[in-house]
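K.L.:
Pasting a structure here, questions to come.
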Amino acid sequence: STVSAKIAAQLYSIRQFTSNRHDLQTALAKIKRIGYPFVQFSGVSAVEGDRADTSVLEARAMLDDIGLECIAAHRSWRALRDDTHREIEFLETLGCSFVAIGSLADVYDPYEVESYSRFVEDAAPIIDLLGARDIAFGYHNHAHEFLRSVPGGPTYYDILIDVGGDGMLLELDVYWAALAGVNPASLLERITGRATYIHVKDMEMRIPEGGGRPEPFYAAVGEGNLDWDSIFVAGRSA
């Protein structure tokens with residue numbers, strides 16, 4: 001069966017253009033004109049920054065007026081853990097039913113295997129509170145989650161998969177998985193049912209401006225070296 005994907009713009013990608021109310025409104029209007037019907041609300045300093053000048057209610061009004069829907073958000077783990085009800089109010093105001101964290105670094109050491117076991121345990125009651133309001137919870141990876149505490153042993157990401165349980169969704173970033181040497185399509189097959197959202201950016205090799213050896217860097221989808229045919233097939237199944 002075919003799955004109709006919702007293609008969203010990740011606002012973190014344009015964070016330098018959302019620092020105040022005027023710029024945010026301009027940026028959202030441009031996203032709509034490009035053709036995106038959906039956004040992920042992350043890194044919007046007009047709402048979340050130290051000099052925020054826009055309330056979340058005003059941001060929701062902008063989305064509604066422009067014709068965009070917020071289908072996902074990133075929030076800090078500390079805020080979700082320590083101020084869950086306020087975070088729920090923030091997400092419900094945006095009309096958002098999925099929230100992920102992009103790092104453990106605000107609470108735990110992301111380079112220690114024990115952090116992931118503690119996180120999985122600490123997350124369980126928060127996942128329940130979010131779920132009671134029909135908000136799903138996920139974890140967005142980078143590359144360090146594929147570290148191993150011992151050679152040949154499980155990766156930190158394995159803990160999220162095997163111990164986290166079905167309530168912990170996995171917002172797989174295919175670029176970072178590939179950078180860590182993991183096949184994104186194979187990983188998507190493994191986490192079928194828990195990968196309801198994925199982040200897509202391609203990977204190309206570039207020679208740095210100052211010269212030297214080629215290094216991996218972000219590219220627009222289709223302009224790099226990732227195997228999108230296999231990723232999209234696995235993504236639809238997952």
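K.L.:
Working carefully through the options Tyr111, Tyr116, find the one that is modelled with pLDDT of 95 or more, open to solvent by less than 30 Å² (accessible area, probe 1.4 Å) and not small (Gly, Ala, Ser).
P.N.:
So the residue among Tyr111, Tyr116 that is modelled with pLDDT of 95 or more, open to solvent by less than 30 Å² (accessible area, probe 1.4 Å) and not small (Gly, Ala, Ser) is Tyr116.
K.L.:
Additional query: Condition (residue is farther than 30 Å from Arg194 by Cβ and modelled with pLDDT of 95 or more) applied to segment 94-101: is it met by at least one residue?
P.N.:
No, the conditions are met nowhere in segment 94-101.
K.L.:
Conditions: (1) within 30 Å of Tyr156 (Cα to Cα); (2) touching a helix residue (DSSP H, G or I) at 6+ places or on another chain (Cβ under 9 Å); (3) touching a residue at least 12 places away in the same chain (Cβ under 8 Å). Ile7 meets all but one. Number of the miss?
P.N.:
Among (1) within 30 Å of Tyr156 (Cα to Cα); (2) touching a helix residue (DSSP H, G or I) at 6+ places or on another chain (Cβ under 9 Å); (3) touching a residue at least 12 places away in the same chain (Cβ under 8 Å), Ile7 violates only (2).
K.L.:
When both residues are 6+ apart or on different chains and their Cβ atoms are under 9 Å apart, which pairs have a first residue that lies in segment 213-238 and is at pLDDT 95 or above, and a second that is among the aromatic types (Phe, Trp, Tyr) and in a strand (DSSP E or B)?
P.N.:
From residues that are at pLDDT 95 or above, the pairs are Gly224/Phe217; Gly224/Tyr218.
The values are calculated or read from the model by the stated rules, or taken from the named source; none is laboratory data. Note that the structure is predicted; figures quoted are calculated from it, not measured. Please note: Cβ atoms are built from the backbone with ideal geometry, for glycine as well, and neighbour counts cover all protein chains shown. The protein model used for the area step is the full one, side chains on, heavy atoms only, and it has no ligands, DNA or RNA in it. Shrake-Rupley method; radii C 1.70, N 1.55, O 1.52, S 1.80 Å.
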